[in-house]
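Peer 1: Take this structure first; my questions come after.
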Amino acid sequence: MFYNPTALWMDINSKDDAACQAYGAMASALQDAGRGDEVPNRSVSMYVFKDFVKQEHTAYDDYSDQFAKYNEPFQEMQWEVVADSAKIILGYECLMAKTAYHGREWTAWFAPEIPVQDGPWKFAGLPGLILMAKESQGMHSFTANGIEATEQEIPGMPRDDWYHKEDRKKYLQGKYRHLQDPFADLAGGNLPSNAKIFVNGRETTVGEVRDQFRKELDNGYDFLEIDYHK
Amino acid sequence: MTRPVTYLFCLIVATVAVAQVNVTGKVIDKESNEPLVGASVIVKGADGKIRKFTSSMADGGFAVTIPSVNDCRLEVNIMGFAKKIIPLDSVSIPLTVCMEPGTTLLKEVTVKADRIREQGDTITYNVGSFAQQQDRSIGDVLKRMPGIDVANNGKIQYQGEDINKFYIEGSDLLGGKYGIATNGISHEDVGAVEVMENHQPMQVLSGISFSDKAAINLKLKNKAKATWTLHGDAGGGYSWQPEGAVWDGELFAMAVMPGFQNITTLRTNNTGENLSSSSTDFFADRRQTGLSRYVGVDLPGVPSLSDRRTLFNRSFLVSTNSLWKFGRGEFKANIDYSFNRVTADASNITTYFLDDGNHIITENRSGTEHSHSLSGKFIYELNQKTAFINNTLQTNIDWDDVSLATTGSLPNGQAAKLPDYYVSNRFKMIQRFKGKHLVTFQSVNEWESLPQMLNLDMNSQQFHQHIADYAFYTHESAAYAFNIKGVTLSLEGGIKGYLRSMDSHLPELPEELPGLTENVVNTNYLTVYATPKFEYWVRRVNLSLNLPVSYSHYSFDKAIANHDEVYFSPSLSFNWKPNNRFSGTLRGGLGRSPMNLNLIHPGLIMTNYRTLKTGVDNFYNSSSQNVSANFSYKHTRRGLFANGMVMQSWSHIPYTMAQQLYGDYVVYSYVDAKNDGKMLMAMGNIDKTLDFMRGSCNVNGSFSRNESHLLSQQQSVNSVSTGWSVGGKINGNPCRLFSFDYRIDYSDSRLTMNGMSESWLSTMENELSLTFIPHRKLQWTVSGEHYRNELTEHNYKNIVMLDTKLTYQLNKKIEFATSLTNILNKRSYNYTTYSQLSSFESQRQLRGRQLLFSITLIK
């Protein structure tokens, strides 16, 4: 399972009214103390569950008020191991493998010494744990920065009820439109630029968020998967 | 006959195609006979390379197809079981792979944050991953961070540009005196250093006015927040030169709370450590009162070695800085006092080789300087998206007393008292309306008094000179700016007034000197100005054009004729930032500016025992042009930072300084001349992290060429000085037991006059420090410096200095250290240069061997 611990913690707590209230109190206290950026938030809220028996994963993702989930078979990711390439990551000898996946060319490094056919995000299916993956444009990459022993059990999906089944490409198209105009769905899309909002606990304005998103898109930002563009 | 051959060929191909082998089987748990799902199944060739791979399905089954099984082996591996290797040559398929329980031991690797991370315009350096065992303050660690440069005086640059703010947990407590923080805060208390690129400190201007400067923010660890952190050092020992006891002490207290911040520090030493980096305001605006000292009694110069080798000092510094947040604003008070006593001695021995024996002339200079400095700064600031208010009240009082005794051909004693009193208030208010309109009001008032007393005792005669110099400056301005779709148009208008009076009196003038002995001078002006400004800032491009135009009326109270002048100094800058990695800037400007008004004085002023100056008898303007280009590049994931700069400037000054000798006296005056200068400067810098040994390295180089052409009284002098330098630094921690720092700098320079070149003269400096950590509580540092200075062509002066230090950490709160500096006890820096008929020997003192014991306590 691939998830962000903060998002998981918040999603679990969302079932508990007392926890919700405590969170609200903490958030406003931090806000007042000028430490709004320390308020925990769901900025990385994607979950990927991998079912190694069915050989498929379920991805859960959301933006704004849209919560979507979809299943995809592992077969969509076809790996080719590149001989003669090795690299040491976290003390493990890793081999290189390549795949073309949903519009991007990925190079991954996996450790055959760790016999788990898993990896970050949707990556799976190599004979060893994937410790690094990079795509060819250099925009996205995953790097393992540590291995820790834990007693913690792998959690289940805390709020399956929020998500509806959706076609992945349709979902990503919507998410991209949201980046282009993050406030299109709010107040009929007519929010003034100087309207104040809080983003991740920091006070800012609608115009500033718009500019920031636009800047990222201008710099060529795109998602992990780019095959949704028509 | 051709047909059967073709058939035969086809048959062979078919056979090869059919020879694919299906390797199938099942993975089961040997103990329970249950199928194992998710086991890694790999077919490897004789060379150990992966031929094919798959994993076992829900029923434990697997299937791979390979061209041939010759010399191949099957490896099956799953967590919790021992790896199984089966040679494929001699087995029957389908296989049953029985897995026996075993442990797969994972090498546990603690989660380490990236050394450098980048998010938007913020670059975050993980302090722990750059700190070495011997580092104490956060300043020691900042020096190792690629992209950040800390100069010897403590000033911080990022990618070749001075930073514009230094924050601690987002608050600007110290202003430009951030040396207190970099020298005082322990790196153990700082989690991360953030560099905010293109930082606009005034929130009202964010998105409207571009900034090419970066700011630094220290993110403290939680243990250092919302509490007082304290640490203190006390050290004592013995020095061989100056002979006697030495001490070195420091007390540092810091509180970083949501509504209140305080840093208070007290430092004192006589071990040669210069405390000025803790008391210098690196953001200080240039004082518009424009006064400068006429009297120049300086201590003898010291050789170009590091301060701690040459500084004979007794220093004391106390500084307290507080910040209170109330409502939406904040109030800050920075108060500090420092005392410095510095002594310096120098001897020069000139030997003339004459027929009737050698003739030797000795000159000794011995001086002491006492300086006290008291400063206070009180700031109220409101920094919001729609409004900005800042009022800064500042006072500085400095007392500087210098006494210098000279023996030799002109034996004398000089004593100068040089106090300085300064008060200023700066008020600035910016209001943003409807997101697009900005209105700014500004008022600056400054007052300064710079009296100077010089007492001279020579040939059993007493000379006494007193100079009184006062100035008041006021500047009121208003500006309006309008922003639409990335274009900002603004107009600033204002008025500046300046009143200054200076009088000097030299009661007795040596007989041989001509000229007036008294000055009573007023240099006043009134300026009205307007600055239209155009700024285009869309996406990756910023273009900014400034067109300041001003009219000034100068009145000099008959010292010289009054003047009316118009000045126009346009400047243009262009920045292009196509992505987060690269940024390039081009700048250009030209303009005319008035001369330094301090040069207006008809009478003679004595600057020291053998030099006097008279002022100009005309009002001059100088003009200049400049163009520059710079770039910066960074690739944070690779830890690579690079920057470069080229600048060319031209200046035209219509006067020059002339020198005349009257007996033993030198008199400087100013005469009409055509003085054209041209300067070219280029520098580059590359920094890189060396992750394999937790280190970093740097390579830098610079080149400069200064050409000046002087045409004065039909005499033409063309002089060119050329210099270049290269340097490098590397540090690392290749294993747990050992870390090192190494630096090398090499520079070369030459002067050419009217086409006649003197020889290139080089200097080279090497510095190496090795730290051994035999036990986590114990560390031992050995360090040394080597200087190689070329005095005359191929005549080098070499000097080596060695130090060592042993530190024992009793526990997290107490640490003991013993250091021995200048082990070889090099006490002097002497050199002799020869010409055909004489020799010149220079003698300077160095700090001798020094033994210091110290204890550090940490709360």
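Peer 1: What about B:Asn575, is it more than 14 Å from chain A (Cβ to nearest Cβ) and farther than 30 Å from B:Gln659 by Cα? Reasoning before the result, please.
Peer 2: On the way: more than 14 Å from chain A (Cβ to nearest Cβ): yes; farther than 30 Å from B:Gln659 by Cα: yes.
Judged against the criteria, B:Asn575 is a match.
Peer 1: Restricting attention to the stretch B:813-853, which residues are surrounded by fewer than 17 Cβ atoms within 10 Å (Cβ to Cβ), among the small types (Gly, Ala, Ser) and in contact with a Lys or Arg (Cβ under 7 Å, 6 or more places away or on another chain)?
Peer 2: B:Ser828
Peer 1: OK, next. Somewhere in the stretch B:607-621, is a residue touching a Ser or Thr at 6+ places or on another chain (Cβ under 8 Å), farther than 25 Å from B:Arg287 by Cβ and acidic (Asp, Glu)?
Peer 2: Within the stretch B:607-621, none of the residues are touching a Ser or Thr at 6+ places or on another chain (Cβ under 8 Å), farther than 25 Å from B:Arg287 by Cβ and acidic (Asp, Glu).
Peer 1: Would you mention how many residues in the stretch B:404-414 are crowded, with 16+ Cβ neighbours inside 10 Å and either under 24 Å from B:Gln442 (Cβ atoms) or touching a residue at least 60 places away in the same chain (Cβ under 8 Å) (or both)?
Peer 2: 4
Peer 1: Something else about it: Of the residues that make up the stretch B:773-780, is at least one under 31 Å from the mean Cα position of the chain (by Cα) and either crowded, with 17+ Cβ neighbours inside 10 Å or of a type in the set (Val, Ile, Thr) (or both)?
Peer 2: Taking every residue of the stretch B:773-780 in turn, at least one turns out to be under 31 Å from the mean Cα position of the chain (by Cα) and either crowded, with 17+ Cβ neighbours inside 10 Å or of a type in the set (Val, Ile, Thr) (or both).
Peer 1: List pairs: first residue in the stretch B:47-73 and more than 10 Å from chain A (Cβ to nearest Cβ) and under 24 Å from B:Pro35 (Cβ atoms), second residue assigned to a strand (DSSP E or B) and hydroxyl-bearing (Ser, Thr, Tyr) anywhere in the structure, Cβ distance under 6 angstrom, at least six positions apart or on different chains.
Peer 2: B:Phe62/B:Thr54; B:Ala63/B:Thr24; B:Val64/B:Thr54
Peer 1: Right, another one. In the stretch B:724-747, what count of residues is obtained for those that are at pLDDT below 95 and under 30 Å from B:Lys674 (Cα atoms)?
Peer 2: Here the count works out to 0.
Peer 1: Considering only residues that are assigned to a strand (DSSP E or B) and out of contact with any strand residue (DSSP E or B) (no Cβ under 7 Å at 6 or more places or on another chain), which ones fall in the stretch B:820-859?
Peer 2: Within the stretch B:820-859, the subset assigned to a strand (DSSP E or B) is B:820-821, B:828-834, B:838-845, B:850-858.
Answer for the stretch B:820-859, where residues must be assigned to a strand (DSSP E or B) and out of contact with any strand residue (DSSP E or B) (no Cβ under 7 Å at 6 or more places or on another chain): just B:Tyr834.
Peer 1: If you go through the stretch B:824-850 one residue at a time, how many are within 30 Å of the chain's Cα centre (by Cα) and among the aliphatic types (A, V, I, L, M)?
Peer 2: Qualifying residue count for the region: 1.
Peer 1: Among the residues of the stretch B:217-258, which ones are among the polar types (S, T, N, Q) and under 30 Å from the mean Cα position of the chain (by Cα)? Before the answer, list the steps.
Peer 2: Step one: filter the stretch B:217-258 for residues among the polar types (S, T, N, Q), giving B:217, B:222, B:227, B:229, B:239, B:241.
Selection gives B:Asn217, B:Asn222, B:Thr229.
Peer 1: Another one. Is it true that some residue in the stretch A:104-122 is assigned to a strand (DSSP E or B) and either at the interface with another protein chain (Cβ under 9 Å from one of its Cβ atoms) or under 23 Å from A:Pro158 (Cβ atoms) (or both)? First the steps, then the outcome.
Peer 2: Applying the first criterion (assigned to a strand (DSSP E or B)) to the stretch A:104-122 yields A:104-111, A:118.
With either at the interface with another protein chain (Cβ under 9 Å from one of its Cβ atoms) or under 23 Å from A:Pro158 (Cβ atoms) (or both) added as a condition, the list becomes A:118.
Among the residues of the stretch A:104-122, at least one is assigned to a strand (DSSP E or B) and either at the interface with another protein chain (Cβ under 9 Å from one of its Cβ atoms) or under 23 Å from A:Pro158 (Cβ atoms) (or both), which makes the answer yes.
Peer 1: Filter the stretch B:366-383 down to residues that are among the hydroxyl-bearing types (Ser, Thr, Tyr), touching a Phe, Trp or Tyr at 6+ places or on another chain (Cβ under 8 Å) and over 30 Å from B:Leu205 (Cβ atoms) and give me whichever is surrounded by the most Cβ atoms within 10 Å (Cβ to Cβ).
Peer 2: The extreme case among them is B:Ser373.
Peer 1: Let me ask something else. Yes or no: B:Lys805 surrounded by fewer than 13 Cβ atoms within 10 Å (Cβ to Cβ) and over 28 Å from B:Asp748 (Cα atoms)? Break it down into steps so the answer makes sense when it comes.
Peer 2: On the way: surrounded by fewer than 13 Cβ atoms within 10 Å (Cβ to Cβ): no; over 28 Å from B:Asp748 (Cα atoms): yes.
In short, no.
Peer 1: Could you tell me which numbered condition B:Ala234 fails, if it satisfies all but one of (1) surrounded by fewer than 17 Cβ atoms within 10 Å (Cβ to Cβ); (2) under 19 Å from B:Tyr158 (Cβ atoms)?
Peer 2: (2)
Peer 1: Taking the stretch B:397-409 as the search range and keeping residues that are of a type in the set (A, V, I, L, M) and touching a Phe, Trp or Tyr at 6+ places or on another chain (Cβ under 9 Å), which one is farthest from B:Gln288 (Cα to Cα)? Spell out how you get there, then give the answer.
Peer 2: Going residue by residue through the stretch B:397-409, those that are of a type in the set (A, V, I, L, M) are B:397, B:402, B:404-405.
Okay, now just the ones that are also touching a Phe, Trp or Tyr at 6+ places or on another chain (Cβ under 9 Å), so B:397, B:404.
On the way: B:Ile397: 17, B:Leu404: 31 Å.
The qualifying residue farthest from B:Gln288 (Cα to Cα) is B:Leu404.
Peer 1: Among A:Lys54, A:Lys50, which is surrounded by 14 or more Cβ atoms within 10 Å (Cβ to Cβ) and within 13 Å of chain B (Cβ to nearest Cβ)? Lay out the reasoning, then the answer.
Peer 2: On the way: A:Lys54 fails: surrounded by 14 or more Cβ atoms within 10 Å (Cβ to Cβ).
Unique residue meeting the criteria: A:Lys50.
Peer 1: Now, a different point. Identify the single condition in (1) within 14 Å of chain A (Cβ to nearest Cβ); (2) hydroxyl-bearing (Ser, Thr, Tyr); (3) buried (at least 17 other Cβ atoms within 10 Å of the Cβ) that B:Thr386 does not satisfy, given that it satisfies every other one.
Peer 2: (3)
Peer 1: Scanning the stretch B:379-396 for residues that are of a type outside the set (D, E, K, R) and in contact with a helix residue (DSSP H, G or I) (Cβ under 7 Å, 6 or more places away or on another chain), which turns out nearest to B:Gln288 (Cα to Cα)? Before you say what the answer is, go through the steps one by one.
Peer 2: Narrowing the stretch B:379-396 to residues of a type outside the set (D, E, K, R): B:379-380, B:382-384, B:386-396.
Still in the list and also in contact with a helix residue (DSSP H, G or I) (Cβ under 7 Å, 6 or more places away or on another chain): B:383-384, B:386-388.
On the way: B:Asn383: 26, B:Gln384: 29, B:Thr386: 30, B:Ala387: 27, B:Phe388: 23 Å.
In this case the residue turns out to be B:Phe388.
Peer 1: So A:Ala100 passes all but one of these: (1) part of a strand (DSSP E or B); (2) more than 14 Å from every other protein chain (Cβ to nearest Cβ); (3) touching a strand residue (DSSP E or B) at 6+ places or on another chain (Cβ under 7 Å). Which condition number does it fail?
Peer 2: (3)
Peer 1: Of the conditions (1) in contact with an Asp or Glu (Cβ under 9 Å, 6 or more places away or on another chain); (2) more than 14 Å from chain B (Cβ to nearest Cβ); (3) within 29 Å of B:Thr636 (Cβ to Cβ); (4) in contact (Cβ under 8 Å) with a residue 40 or more places away in the chain, A:Ser136 satisfies every one except a single condition; which number is it?
Peer 2: (4)
Peer 1: Restricting to the stretch B:363-412, count the residues that are within 30 Å of B:Ile430 (Cα to Cα) and either part of a strand (DSSP E or B) or under 29 Å from the mean Cα position of the chain (by Cα) (or both). Lay out the reasoning, then the answer.
Peer 2: Filtering the stretch B:363-412 for residues within 30 Å of B:Ile430 (Cα to Cα) gives B:375-396.
Add one more test, that the residue is either part of a strand (DSSP E or B) or under 29 Å from the mean Cα position of the chain (by Cα) (or both), and what stays is B:375-383, B:387-396.
Summing the residues that are within 30 Å of B:Ile430 (Cα to Cα) and either part of a strand (DSSP E or B) or under 29 Å from the mean Cα position of the chain (by Cα) (or both) in the stretch B:363-412 gives 19.
Peer 1: Could you grab the pairs with beta carbons closer than 7 Å, sequence gap of 6+ or different chains, first residue in the stretch B:531-554 and within 14 Å of chain A (Cβ to nearest Cβ), second one crowded, with 17+ Cβ neighbours inside 10 Å and among the polar types (S, T, N, Q)?
Peer 2: Listed by first residue and then by second, the contacts come to B:Asn542/B:Asn575.
Each row is one residue, and each column tells you yes or no for (1) polar (S, T, N, Q); (2) within 30 Å of B:His359 (Cα to Cα); (3) in contact (Cβ under 8 Å) with a residue 24 or more places away in the chain.
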| position | (1), (2), (3) |
| --- | --- |
| B:Ile773 | no, no, yes |
| B:Thr781 | yes, no, yes |
| B:Asp803 | no, no, no |
| B:Asn811 | yes, no, no |
| B:Leu824 | no, no, yes |
| B:Gly848 | no, no, yes |
| B:Leu851 | no, no, yes |
| B:Thr856 | yes, no, yes |
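Peer 1: Where in the stretch B:145-233 are there strands (runs of 3 or more DSSP E), lying wholly inside it, with at least 3 residues that are more than 14 Å from chain A (Cβ to nearest Cβ)? I'd like the intermediate steps shown before the answer.
Peer 2: On the way: elements: B:148-150, B:156-158, B:165-168, B:190-196, B:215-220.
Hits in the stretch B:145-233: B:148-150, B:156-158, B:190-196, B:215-220.
Peer 1: Restricting the search to the stretch B:634-666, which residues are surrounded by 16 or more Cβ atoms within 10 Å (Cβ to Cβ), modelled with pLDDT under 90 and β-branched (Val, Ile, Thr)?
Peer 2: The answer is B:Thr636, B:Thr656.
Peer 1: Failed condition for A:Glu105, given (1) surrounded by 15 or more Cβ atoms within 10 Å (Cβ to Cβ); (2) modelled with pLDDT of 90 or more, with all others met?
Peer 2: Result: A:Glu105 passes all but (1).
Peer 1: Continuing with the same structure: Condition test on B:Asn383, is it under 30 Å from B:Asn483 (Cα atoms) and either free of Cβ contacts under 8 Å to residues at least 40 places away in the same chain or in contact with a Pro (Cβ under 8 Å, 6 or more places away or on another chain) (or both)?
Peer 2: On the way: under 30 Å from B:Asn483 (Cα atoms): yes; either free of Cβ contacts under 8 Å to residues at least 40 places away in the same chain or in contact with a Pro (Cβ under 8 Å, 6 or more places away or on another chain) (or both): yes.
So B:Asn383 fits the description; yes.
Peer 1: What single numbered condition from (1) within 14 Å of chain B (Cβ to nearest Cβ); (2) at pLDDT below 80 fails to hold for A:Thr6?
Peer 2: All conditions are met except number (1).
Peer 1: Pick out the one residue from B:Ser278, B:Ser347, B:Ser322 that is buried (at least 20 other Cβ atoms within 10 Å of the Cβ) and outside any loop (DSSP other than H, G, I, E, B).
Peer 2: The match here is B:Ser278.
The values are calculated or read from the model by the stated rules, or taken from the named source; none is laboratory data. Model, not experiment: these values are computed from the prediction. Glycine also receives a Cβ, built like all others from the backbone with ideal geometry; neighbour counts cover every protein chain displayed.
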